[in-house]
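Computed from the coordinates by the stated procedures, all read-outs in this text should not be read as laboratory data. Because the structure is a prediction, the values reported are computed rather than measured. Note that we place each Cβ from the backbone using ideal geometry, even for glycine, and neighbour counts take in every protein chain shown.
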Amino acid sequence: MSFLRVASLRPLVCQLLSKVAFSDASFRLLALVAMRPKRRKKKSNLLPLSLALSGLGGIAAYVYLNRTIEPLPPALNPDQFITLPLKKVVPYNHNSSTFVFELPPKTSSKLPVASCLVVRATDPEALKSNGNPVVRPYTPVETKDNTNELVLLVKKYETGVMSKYMHEMKPGDTLDVKGPIPKFPYKENEFDEVALIGGGSGITPLYQVLTHALSSRFNTTKFKLLYSNVTEQDILLREELDALAKKYPSTLEVVYLLDKPGNDWKGPSGFVNADVIKKYVAPPTQQRTMVMVCGPPPQVASIAGKKAGMKQGPLGGVLKELGYTEEQVFKF
Ligand SMILES: Cc1cc2nc3c(=O)[nH]c(=O)nc-3n(C[C@H](O)[C@H](O)[C@H](O)COP(=O)(O)OP(=O)(O)OC[C@H]3O[C@@H](n4cnc5c(N)ncnc54)[C@H](O)[C@@H]3O)c2cc1C
């Protein structure tokens, strides 16, 4: 390669590098230049230049591989319900299904952590309680940014108003959705240890926190998930939770508890009580400890005291007896 040819390529390389948003074609061209096999030559003073070009190629490859895809704008509006068509329903287990809703084009379902959304029937007359439309919170379980879908995992309660209504929906039907509704402003490494205590479908907000926190390579917080269900078949997101525990063994421990264990169940059984909390959760005296609770109202009441509607309500239950403070407990 003559010096002239190398020199004539330099502006092109510089131009390409200055535009960090490489196109595939420009990246390939740069890679070709940087990685072009060197011809054997007599003594040459081009070695430093070749090394520099290889280095530039390396930087270009690094930038290309680590380039961030611009996140799509949020689909949801915190002040106004939007109507979303149901795309498909995928049965999950005997009483839960995954509901995939279609978002407006080029929008994202990603919510800040921790937050949820609320839903209501599109026809305001269809579901009412005390004269008002029934509104319930749900937390998307799909955390990818650019999917154009909103994915909810919903457990059906036979006596439940909204969950039963949703389980009767068919593809093409619509649901009104509003959000994000902020819950807990999670800050990376704010706590040394976070205990997540959940029951049944209350796992989804806890799963949102876990996937978000653990996906950061800077996370040092240790998470303990105590997840209660009636039977083994009721455990939601088990595959995903086990995969997380395997991937992050030093920062996540998952403990499943069953009310009605089968004969071959080797884990703990019964409700989350003082003994379970003392065994698995950092003591209240350990500063920078946080306990988050989400489950059926009776479970939340017995562990942390009743919520007061959308408000936290006073701390009560087992956590209060054990000496945890209001600042150390959050009820979803
Ligand atoms: C922040 C947050 C996020 C949530 N995310 C999800 C989610 O992603 N998926 C999901 O399926 N659910 C989720 N829930 C629960 C959901 O909001 C509803 O409470 C649940 O679907 C029951 O509503 P319903 O109208 O069918 O029942 P309701 O008519 O409100 O209640 C009927 C019966 O169900 C019982 N019940 C009410 N709420 C619960 C509950 N949370 N757990 C167990 N029993 C209950 C009542 O005691 C009653 O016996 C979440 C709750 C919160 C607070």
Handout entry: Fully extended contour minus Cα-Cα distance, from residue 250 to residue 215, at 0.36 nm per residue
Key = 11.2 nm
Practice task
With a 10 Å radius around each residue's Cβ, average the other Cβ atoms per peptide and rank 226-238, 192-204, highest first.
Solution key: 192-204, 226-238
Problem - Amide H contacts under 5 Å for residue 96, placed H, 5+ residues apart - result: 156
Problem - Computed E for residue 311/residue 135 - FRET, C-beta separation, R0 22 angstrom, nearest 0.05 - result: 0.85
Problem - Residue order, fewest to most surrounding Cβ atoms within 10 angstrom, among 217, 120 - result: 217, 120
Exercise for the section: Hand me the trypsin sites (Lys or Arg not before Pro) from region 123-181 located in a DSSP loop with no more than 14 other Cβ atoms within 10 Å, in residue order please. Expected result: 144
Problem - Residues 184, 81, sorted so that the one with the fewest Cβ neighbours within 10 Å comes first - result: 184, 81
Problem - Rounded if a/c under 1.5, otherwise prolate or oblate - region 214-280, Cα gyration tensor axes - result: oblate
Exercise for the section: Go through 128/222; 144/278; 155/247 and tell me which ones have a Cα-Cα distance over 31 Å in this structure. Expected result: 128/222; 144/278
Problem - Pair residue 70, residue 88: separation of 7 Å Cα→Cβ label points (nm) - result: 3.0 nm
